[in-house]
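Below: the structure, in structure tokens.
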Amino acid sequence: MDNGKDILLSVQDLKVYFHLNQRLAQAVDGVSYEVRKGETVCLVGESGCGKTVSALTTLGLIPQPPGEIAGGQVLFKGQNLLDLGDDEMQKIRGNHIAMVFQEPMTSLNPVFTVGDQVQEAIMVHEKVSKTELRQRSVQLLEDVGLPAPEERLADYPHQLSGGQRQRVMIAMALACNPEVVIADEPTTALDVTIQAQILNLFGELQRERDLSLLYITHDLGVVANIADRIYIMYAGIIVEQGSAPEIFHDPRHPYTQGLLASLPNRAKRGARLHSIPGTVPDPAYKPGGCPFHPRCNLAIETCQSRFPEMCDYGNGHQSRCPVLYDGNG
Amino acid sequence: MMRDAADTVTPGFQVDDPVALQQGFGQLLKQNRLAMIGLAVFVVFFCIALLGLGLTSGRNPTFDPSVVRLQEKLRPPLSKPNLETLSTEDVPRLGVYLFGTDDLGRDVFARMLQGAWVSLTVGFVAVGISVFIGIFMGGIAGYFGQRHTFIDTLIMRFVDIMLCFPSFFLILTVVALLPASMYNIMIIIGLTSWMGTTRFVRAEFLSLREQDFVTAARALGVSNFRIIFRHMIPNAIAPVLVSATIGIASAILTEAGLSFLGFGVPPPHATWGGILSDGKRFIFDAPWLTFAPGFAILIVVLSFNLFGEGLRDILNPKLRERQG
């Protein structure tokens with residue numbers, strides 16, 4: 001890990017709560033992570049652990065109410081995005097930080113052509129002539145590997161396949177050369193072969209453009225392919241963070257260990273897959289102490305009452321499990 | 001059982017895909033015979049009204065609705081004018097009184113032509129105004145309602161208040177206070193009929209607001225204004241179109257009603273409601289005076305309603321299969 005690289009996006013102790021019928025859902029409860037220039041950071045966690053909410057907050061896309069940003073900072077190049085007004089935020093969105101969504105089927109407006117939508121993505125932030133607009137959108141579609149981009153411009157979203165639509169979404173995200181791209185499970189809705197293509201595409205684009213990529217996923221297989229650094233989220237907090245090799249080869253949190261043990265591989269062929277007992281807690285009814293303790297096989301009595309601190313293993317590798325930390329010395 | 005079958009047998013159409021709807025639109029319209037008849041009558045009416053404007057206005061119109069021929073009064077339809085008693089420029093252009101003459105000997109056909117244009121413009125302008133206001137208010141209420149609840153409450157309660165008024169009497173009152181003119185009538189009808197559209201648009205926006213492409217557009221830095229008017233309204237236009245079509249019919253009816261009561265477009269100008277009103281005194285002696293405008297209003301309003309209903313069936317995939 002190179003600390004000399006400058007930090008582009010830094011989320012510090014972010015807390016996002018939702019007010020739902022008298023209940024308070026603490027979707028994101030003190031999350032910190034950072035994205036440096038040119039690196040791929042993966043935010044990993046089960047459904048409902050707050051990864052999408054923390055990403056949407058970065059762009060100010062959380063509806064308030066019912067959402068409430070209860071604390072923390074989102075620093076982009078040192079500027080706190082949470083302080084910005086709507087107009088200033090619009091200049092950041094798409095222009096500096098862009099986002100690719102999970103569902104390519106519904107993320108494109110069904111009544112406009114692909115060309116219209118890609119051109120709009122450029123037009124929102126830059127004043128360019130019509131011919132240049134067209135050239136650039138063709139170039140963008142070519143960059144994301146859409147065949148016959150000239151002809152695709154006149155197509156409507158429903159004429160494209162899921163993979164093609166996701167490519168269009170990526171082209172739109174890249175339209176104004178953002179420094180950071182947040183990809184929220186961009187391959188979840190696609191089948192496996194297309195998924196591999198899209199992942200390769202992200203890799204290529206990132207190398208060519210020196211992009212920083214914040215990749216949100218629940219799929220550890222995907223993470224293994226692309227991540228430089230990994231943050232593991234559980235129930236609104238980061239439970240472990242570190243470089244990809246450290247997380248995969250030396251996980252220091254029982255949750256991460258459980259996730260990795262659940263992955264199918266050749267050695268376990270024919271055997272029953274490991275699974276972590278129980279389910280993710282409802283964000284409105286989180287257990288006290290360590291939120292993972294009801295499902296943890298290492299839980300001791302203090303886990304029920306004491307919120308675990310980050311334990312440092314050096315080299316940026318940190319984990320919120322004092323039990324494992326003390327055990328290993 | 002029938003419904004289940006109808007719901008599943010819609011291959012090739014995605015319920016929420018307006019483009020797919022557009023593609024099958026022409027074919028589906030052709031299958032819906034009543035809607036086609038409505039559309040055809042509407043097109044004919046449109047042409048007649050446009051022609052009517054050209055033929056009845058100007059210094060020396062082809063069909064002059066204002067020529068008074070007292071010696072030719074209350075002639076039945078298709079009767080020939082008495083050429084000996086008429087000066088040459090007063091002879092009707094077709095050489096025959098197609099719809100007869102009224103109590104002042106004016107050519108009812110010419111007056112109907114002139115009235116057609118009034119009905120058409122009142123219908124379209126009034127509905128244009130109401131659709132504009134409806135989309136604007138509904139859009140704002142639906143889009144900003146989540147974040148600023150009071151905007152939504154304010155607009156929707158105002159809609160409720162407006163709906164409480166018996167709108168025809170509200171119109172009558174306002175018309176009585178304002179100088180009578182065609183434009184005032186249009187504006188007043190428009191200003192009292194936007195509430196339905198507002199509710200439609202708000203309802204559509206409430207669901208559209210949660211759609212991924214709206215979030216995606218926001219993530220690209222598209223402004224709220226642009227999201228409402230460029231991304232959401234085209235997706236919400238179908239029900240508005242239906243209610244606008246039916247709204248035109250009711251605006252034409254309202255205008256005819258106002259003219260009938262003498263609050264409409266001021267007298268020298270012929271309107272269907274006015275002709276009807278003038279004719280009612282002679283309903284037994286000269287039934288064509290009430291029959292011609294009455295029938296015209298019936299046909300036009302019916303055709304708009306049929307077309308509107310057809311549009312609704314076509315744009316609503318759940319009802320679509322029942323048409324067969």
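The values are calculated or read from the model by the stated rules, or taken from the named source; none is laboratory data. What you see is a predicted model, and the numbers here were worked out from it, not measured in a lab. As a convention, Cβ positions derive from the backbone with ideal geometry for all residues, glycine included, and neighbour counts pool all protein chains shown. Accessible surface areas use protein heavy atoms only, side chains included; no ligands, DNA or RNA. Shrake-Rupley method; radii C 1.70, N 1.55, O 1.52, S 1.80 Å.
Numbers at a glance
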item	result
Residue satisfying all of: in the stretch A:99-116; facing another protein chain (nearest Cβ under 7 Å) and in contact with a strand residue (DSSP E or B) (Cβ under 9 Å, 6 or more places away or on another chain); surrounded by the most Cβ atoms within 10 Å (Cβ to Cβ) among these	A:M99
Candidates B:F229, B:F260, B:F225, B:F282, filtered to the one that is closer than 25 Å to B:G38 by Cβ and surrounded by fewer than 21 Cβ atoms within 10 Å (Cβ to Cβ)	B:F260
Residues of the stretch B:81-112 classified as surrounded by fewer than 12 Cβ atoms within 10 Å (Cβ to Cβ) and either in contact with a helix residue (DSSP H, G or I) (Cβ under 7 Å, 6 or more places away or on another chain) or on the phi < 0 side of the Ramachandran plot (or both), total	6
Filter pass, A:G221 being surrounded by fewer than 22 Cβ atoms within 10 Å (Cβ to Cβ) and outside any helix (DSSP H, G or I)	no
Options B:V68, B:V125; residue that is open to solvent by 20 Å² or more (accessible area, probe 1.4 Å), away from every other protein chain (no Cβ under 14 Å) and within 30 Å of B:L163 (Cβ to Cβ)	B:V125
Any hit, the stretch B:213-223, residues being within 14 Å of chain A (Cβ to nearest Cβ), on the phi > 0 side of the Ramachandran plot and among the small types (G, A, S)	yes
The stretch A:16-37: number of residues that are open to solvent by less than 20 Å² (accessible area, probe 1.4 Å) and modelled with pLDDT under 85	4
Selection status of A:D13, among the acidic types (D, E), surrounded by fewer than 17 Cβ atoms within 10 Å (Cβ to Cβ) and either over 24 Å from A:Y285 (Cα atoms) or more than 14 Å from chain B (Cβ to nearest Cβ) (or both)	yes
Selection status of B:F200, away from chain A (no Cβ under 11 Å), farther than 15 Å from B:T254 by Cα and either surrounded by 15 or more Cβ atoms within 10 Å (Cβ to Cβ) or out of contact with any helix residue (DSSP H, G or I) (no Cβ under 9 Å at 6 or more places or on another chain) (or both)	yes
Residue within the stretch B:166-178 that is surrounded by fewer than 15 Cβ atoms within 10 Å (Cβ to Cβ), of a type in the set (A, V, I, L, M, F, W, C) and more than 30 Å from B:G262 (Cα to Cα) present	no
Filter result (within 21 Å of A:N80 (Cα to Cα) and under 19 Å from the mean Cα position of the chain (by Cα)) within the stretch A:3-26	A:I7, A:L8, A:L9, A:S10, A:V11, A:Q12, A:D13, A:L14, A:K15, A:V16, A:Y17
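Results for (1) free of Cβ contacts under 8 Å to residues at least 40 places away in the same chain; (2) within 13 Å of A:C176 (Cα to Cα), shown as yes or no for each residue.
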site	(1), (2)
A:R136	yes, yes
A:L146	yes, no
A:P149	yes, no
A:L153	no, no
A:S161	yes, no
